[in-house]
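Below: the structure, in structure tokens.
What follows is calculated from the coordinates using simple rules that are stated; it is not laboratory data. Computed from a prediction, not measured in an experiment: that's the story for all the values here. Positions of Cβ are backbone-derived with ideal geometry, glycine not excepted, and every protein chain shown enters the neighbour counts.
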Amino acid sequence: MEKSLENYRRSYEKHELRRKDLEQHPMLQFQSWFLEAEKVEEVEANAMTLGTIGKDGFPKNRVVLLKSYSREGFTFYTNYKSEKGRAIEAIPNVCLSFFWPILERQIIIKGKAKKLSDQLSDKYFESRPEGSRYGAAVSNQSEVVKNRDFMEKKLQELQEKFPEGKIPRPKHWGGFLVKPVSIEFWQGRANRLHDRFRYSREKDSWKIERLAP
């Protein structure tokens, strides 16, 4: 099977990004772009790609949901025993990326992931919808299962055990905070001369550089 994609073309001409328009702190710049993305109905603004390095030496990307951000960094939640959880435990260097095609924008973050405290993970777990709490407790994420019926049976057993939905947070489930060391903002432009600016951490400040497209 072979299909040529050489004639796929799209010109990016909606926005521009200039040095004078950038915030001095990258998280303020992230917030500015994120709030714009939130307003676009077709965009799931908090969907981001998480890249990790597995124990087999291969990188792996998957989409997860950003649950909060602050000047410290970016927070998401997962099963610590999952493939990504084990990868982060072994090698905490990760990459996060956001792609909002309607806005012709990307954000690429390199950082180090660190587990959140039990208290913060408890607080978020308790705020989740009941079905999501059941799902997190039932799933041994990334493990091989024989069929869906096996999972449905486990869910039913858990619902019978906790009929009021008061499920305790599994100890192997919780949050990660990714503290960025660099954040790149990419704005698509015409003729493939895209605007790219990278913030790099330097002790208590951030260096801003324009990158060639």
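Laid out as a table, the results:
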{"item": "Hits among lysines - C-alpha to C-alpha of LYS166 under 22 Å, sequence gap 8 or more where chains match", "result": "LYS67, LYS123, LYS153, LYS154"}
{"item": "Surface/4 estimate of mean projected area, convex hull on alpha-carbon atoms of the chain, nm²", "result": "15.9"}
{"item": "Neighbour net charge for ALA212 - beta-carbon separation under 15 angstrom, K R +1, D E -1", "result": "+3"}
{"item": "Ordering of 110-118, 49-57, 13-21 by burial proxy (mean other Cβ atoms within 10 Å per residue, highest first)", "result": "110-118, 49-57, 13-21"}
{"item": "The range 158-213 versus the range 107-146: alpha-carbon centroid distance in Å", "result": "16"}
